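These notes concern the structure reproduced below.
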Amino acid sequence: MTLQQIFEENAAYVWRVLRRLGVRDADVEDVCQEVFLVVHRKLDTFDGSSALRTWLYGICLRLASEYRRRPHRRREEVAGAVPEQIMAAPQDETLDRRRALDRLDAALDQLDDDKRAVFVLYEIEQLPMAEI
């Protein structure tokens, strides 16, 4: 599998995982790029003994942990929906979705890294427990 194929099939997954692991909307694109830089450097070490998404999740987890330890300057944040979703959804629906995501983010922030990882993989990404 090529890097381009991996990116095309998994970019949205990586974006979702990074958001659920606490990467702010304003920074998720940069961290997503970091994930695929690691994939590019380490692709030859992926042996296929686990699912590709499990391997990607491990990379996301490490980079999100590093991200949360970095000092951040406060940036102005736009609504947390993906830009295509902003245009497609009625304003009330977008606001409700944003509030729900904010509540989920707040709950996830209360978990340590290991519990957060298991919750995100099992409940949100719906990976089987055997792959976690």
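The values are calculated or read from the model by the stated rules, or taken from the named source; none is laboratory data. Quantities reported herein were computed from a predicted structural model and do not represent experimental measurements. Because the Cβ atoms are built from the backbone with ideal geometry, glycine has one as well, and the counts that use them run over all protein chains shown.
For region 60-67, the count of residues that are more than 13 Å from the chain's Cα centre (by Cα) and at pLDDT 85 or above is at least one. Restricting region 20-55 to residues that are in contact (Cβ under 8 Å) with a residue 40 or more places away in the chain and part of a helix (DSSP H, G or I), which is nearest to Gln110 (Cα to Cα)? Filtering first and then ranking leaves Arg20.
Here Arg16, Arg99 are screened, and the one residue that is assigned to a helix (DSSP H, G or I), surrounded by 15 or more Cβ atoms within 10 Å (Cβ to Cβ) and at pLDDT below 95 is Arg16.
For Arg116, state whether it is assigned to a helix (DSSP H, G or I), among the basic types (Lys, Arg), modelled with pLDDT under 95 and under 19 Å from Tyr13 (Cα atoms).
yes
Filtering region 29-51 to residues that are at pLDDT below 95 and touching a Phe, Trp or Tyr at 6+ places or on another chain (Cβ under 8 Å) leaves only Phe46.
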